[in-house]
Amino acid sequence: DTGVSQDPRHKITKRGQNVTFRCDPISEHNRLYWYRQTLGQGPEFLTYFQNEAQLEKSRLLSDRFSAERPKGSFSTLEIQRTEQGDSAMYLCASSLSDRDDYGYTFGSGTRLTVV
Amino acid sequence: SQQGEEDPQALSIQEGENATMNCSYKTSINNLQWYRQNSGRGLVHLILIRSNEREKHSGRLRVTLDTSKKSSSLLITASRAADTASYFCATSSGYALNFGKGTSLLVTP
């Protein structure tokens, strides 16, 4: 297992288009998180899954955003009708619920540019 | 929401010097974590300190936590050029971590 993988690494899309990102967490990690990070800022929490259940969503996650984690394995984050303000780095992280001391393992992120 | 706030925003030191970064937060926490981020990359977990701990060490890292002042500090001793990165504190009070805006550290040879 090589860590958390995110695909694609970069995505350029035209305003109004839909985009979908994928995250493959560490296989034994039951918790999965999506964050968004803009230049000069820290990551902002978007949503959290425990296994396949989406347990928490930030109010940042407008109705244009949807996330899934079917079967508690990989996760997808879809943004519909993209806007220029959606341009950011989208980070995925995973963790194991009974190993809090290890913190989160982050992927390298997907950088979205909306033109 | 970003609960933690790091200070200073930017720090420039020479190799071999110590670097100290501070973090303040607003609400009760379960634990506080520090992460490092190299430019354009994901974050790497450095160290976690629980709310009932006051100090923790890991290699060249020393973290303190003062829950009465709602603050933490990260000390990197004998810094190296490879320590150049952004450092974030993150607080846990529920399911998710809340990150600050980070301290940008530059270590020059």
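The values are calculated or read from the model by the stated rules, or taken from the named source; none is laboratory data. Here the structure is a predicted model, which is why all the values come from computation and not from measurement. Counting neighbours? That spans all protein chains shown, and the Cβs are built from the backbone with ideal geometry, glycine included. To get the accessible areas, we keep the full protein, side chains included, count just its heavy atoms, and leave off ligands, DNA and RNA. Shrake-Rupley method; radii C 1.70, N 1.55, O 1.52, S 1.80 Å.
Of note:
- Taken together, the criteria place residue A:40 among residues that are exposed (fewer than 15 other Cβ atoms within 10 Å of the Cβ), closer than 26 Å to residue B:89 by Cα and not aromatic (Phe, Trp, Tyr).
- Residues that are away from every other protein chain (no Cβ under 14 Å), farther than 13 Å from residue B:47 by Cβ and small (Gly, Ala, Ser), drawn from segment B:60-108: B:68, B:71, B:78, B:79, B:81, B:82
- Only residues that are closer than 14 Å to residue B:75 by Cα and surrounded by 14 or more Cβ atoms within 10 Å (Cβ to Cβ) were counted across segment B:18-54, and they come to 13.
- Condition met for residue A:47 (of a type in the set (Val, Ile, Thr), touching a strand residue (DSSP E or B) at 6+ places or on another chain (Cβ under 7 Å), assigned to a strand (DSSP E or B) and open to solvent by less than 60 Å² (accessible area, probe 1.4 Å)): yes
- Selection of segment A:67-115 for residues being open to solvent by 20 Å² or more (accessible area, probe 1.4 Å), charged (D, E, K, R) and away from every other protein chain (no Cβ under 12 Å) yields A:68, A:71, A:78, A:81, A:83, A:98.
- Residue that is within 30 Å of residue A:113 (Cβ to Cβ) and surrounded by fewer than 15 Cβ atoms within 10 Å (Cβ to Cβ), where the choices are B:82, B:78, B:96: B:82
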